[in-house]
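First the structure, in the form of structure tokens, and then the observations on it.
The values are calculated or read from the model by the stated rules, or taken from the named source; none is laboratory data. These figures come from a predicted structure and were not determined experimentally. Every residue, glycine among them, receives a Cβ derived from its backbone with ideal geometry; neighbour counts consider all protein chains shown. Heads up: the accessible areas ignore ligands, DNA and RNA and are worked out on the full protein's heavy atoms, side chains in. Shrake-Rupley method; radii C 1.70, N 1.55, O 1.52, S 1.80 Å.
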Amino acid sequence: MATEGGGKEMNEIKTQFTTREGLYKLLPHSEYSRPNRVPFNSQGSNPVRVSFVNLNDQSGNGDRLCFNVGRELYFYIYKGVRKAADLSKPIDKRIYKGTQPTCHDFNHLTATAESVSLLVGFSAGQVQLIDPIKKETSKLFNEERLIDKSRVTCVKWVPGSESLFLVAHSSGNMYLYNVEHTCGTTAPHYQLLKQGESFAVHTCKSKSTRNPLLKWTVGEGALNEFAFSPDGKFLACVSQDGFLRVFSFDSVELHGTMKSYFGGLLCVCWSPDGKYLVTGGEDDLVTVWSFVDCRVIARGHGHKSWVSVVAFDPYTTSVEGGDPMEFSGSDEDFQDLLHFGRDRANSTQSRLSKRNSTESRPVSVTYRFGSVGQDTQLCLWDLTEDILFPHQPLSRARTHTNVMNATSPPAGSTGNSVTTPGNPAPPLPRSNSLPHSTVSNAGSKSSVADGAIASGVSKFATLSLHDRKDRHHEKDHKRNHSMGHISSKSSDKLNLVTKTRTDPAKTLGTPLCPRMEDVPLLEPLVCKKIAHERLTVLIFLEDCIVTACQEGFICTWGRPGKVGLLSSPNQASSPGGTVV
């Protein structure tokens, strides 16, 4: 075990780690990369991203993997823990000139063994729709960069839709497209649809329907990532201004906001039941936010540099007592949910809703999530009952969480609406937690009808937004892992957003951004250096965890009991081959 001050041991790359479930082990034969396996020179390059899709073919090996490295884009059969990766035969490979792929997303709804729709966003602002199986380039959106000239930061299909997709840019704008429509040969003209504090939504004015259908302007600076809720009804956005903003997608209303402790927010994910969000960013923290209460309920400190990805692990998230946790009605559904975000978490929601709504709370809940960062470390966390429900009897033994009294005021001192009147709040716990990670809701399903954009203006349930840059416990950030601030401001004159410049300190100590001592501080159960370069990918699958670093290596970590032959000791570097 590496410890602080361990010298050489601290820089050692870990190939396995243990949690309460057992041993997770790196599978060297399941590493994916460019065919030559040469580390990619990552200086000045866009982050390596990975997307998965399951084609539901009859062979039982329907998983497909897409990843970008520099100017290149690869599409492989993903064999996971079962067989060695064959890098000599990518199904599709593309090399781009003048621009680089930055992000991508499969449409899980329409994927078949013969055809799959893959959206790819680029550094110059374009979005390409391709079919890596048919090897056809279907369409190019924002081709002339008339809609937005800035880098695409995030692209995702709208859950439940075969044709709608959402694109975020470093300009701070998001655009809703329909694959059936063209983009037009002139710059679009917009008409204000709805406006609120630090956001505005415009429709595209034209005689015939054209893209984009909607333009969202959110916050200040780059919009770094967005994620749809498991039911597809809400949209969470994190921006370079340090704010998490959660919108109702159909009605375009602001549900709630949260401010980072310091700097920009870089990543966001939803819990499988949609009740909690986790963000990570330039404050080196992971922050847990309650969707229902619109407040910060915990922060996690384990990373030594910026947090680049957060994700929940729906396979390890558990409800104890009563019935076993059900993520869906059948094994196939369960696989769909976890395999690549085809979310059918209705019974998960009903299980956890039932659990959270009963005052007696007879069962125990543990959410598992994970995070990776520019410090090359993987952290796993558990969000346990003593953090979620601090006034309930603690089931620490069951959740394996060590709780120590923090020298801090009681939880009720922050103006939380959760404190029970008459009950003195217990001291804030400091918790050793386990990993929690979620497939970044790449393709959750929802009931969003194509083109069904509500246009009524309504009241915004918004918290006051302020910028806050306060004293941050200073850390030695590893500059060689650093990407730098993305502060491209939109030159678009149509940004009618109310940008109220307020004293940054005003948000500190408010529900928008509680002080460190006012919320429980989680400590990671696992915190391991697993790469030489900054980490950019974390995805939880049924039998493994997938990580990737900026050198272009996509690593598979077999879950306990899923590794077959590799579970024997002294076999850290197994040769390629079939694993039983």
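Worth pointing out:
- Residues of the range 32-49 that are within 21 Å of residue 375 (Cβ to Cβ) and at pLDDT 90 or above: 46, 47, 48, 49.
- Listed by position, the strands (runs of 3 or more DSSP E) inside the range 197-242 whose residues that are surrounded by fewer than 21 Cβ atoms within 10 Å (Cβ to Cβ), in the same structural domain as residue 127 (by the TED database) and not charged (D, E, K, R) number at least 1 are 199-205, 214-218.
- Some residue of the range 43-57 being more than 30 Å from residue 110 (Cβ to Cβ) and touching a strand residue (DSSP E or B) at 6+ places or on another chain (Cβ under 7 Å): no
- Close pairs (6 angstrom Cβ cut-off, 6 or more residues apart or separate chains): open to solvent by 70 Å² or more (accessible area, probe 1.4 Å) in the range 506-519, among the β-branched types (Val, Ile, Thr) anywhere: none
- Residue pairs whose Cβ atoms lie under 9 Å apart, separated by 6 or more positions or on different chains, with the first residue in the range 198-214 and free of Cβ contacts under 8 Å to residues at least 24 places away in the same chain and the second part of a loop (DSSP other than H, G, I, E, B) and crowded, with 22+ Cβ neighbours inside 10 Å, are 204/211; 204/212.
- Given (1) in a loop (DSSP other than H, G, I, E, B); (2) on the phi < 0 side of the Ramachandran plot, index of the condition residue 153 fails: (1)
- Of all residues in the range 170-182 being within 29 Å of the chain's Cα centre (by Cα) and in a loop (DSSP other than H, G, I, E, B), the one that is nearest to residue 46 (Cα to Cα): 170
- Screening 24, 78, 74 for residues that are surrounded by 22 or more Cβ atoms within 10 Å (Cβ to Cβ) and either touching a residue at least 60 places away in the same chain (Cβ under 8 Å) or on the phi > 0 side of the Ramachandran plot (or both) leaves exactly one candidate, 24.
Let's see how each residue does on (1) under 28 Å from residue 245 (Cβ atoms); (2) buried (at least 18 other Cβ atoms within 10 Å of the Cβ); (3) small (Gly, Ala, Ser):
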{"residue": "97", "(1), (2), (3)": "no, no, no"}
{"residue": "126", "(1), (2), (3)": "yes, yes, no"}
{"residue": "135", "(1), (2), (3)": "no, no, no"}
{"residue": "155", "(1), (2), (3)": "yes, yes, no"}
{"residue": "158", "(1), (2), (3)": "yes, yes, no"}
{"residue": "162", "(1), (2), (3)": "yes, no, no"}
{"residue": "166", "(1), (2), (3)": "yes, yes, no"}
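- Of residues in the range 528-572 being hydrophobic (A, V, I, L, M, F, W, C) and modelled with pLDDT under 95, the one most open to solvent (accessible area, probe 1.4 Å): 565
- In the range 275-310, the residues that are charged (D, E, K, R) and over 20 Å from residue 550 (Cβ atoms): 275, 283, 293, 295, 299
- If you go through the range 262-272 and pick out every residue that is in a loop (DSSP other than H, G, I, E, B) and modelled with pLDDT of 95 or more, you end up with 4.
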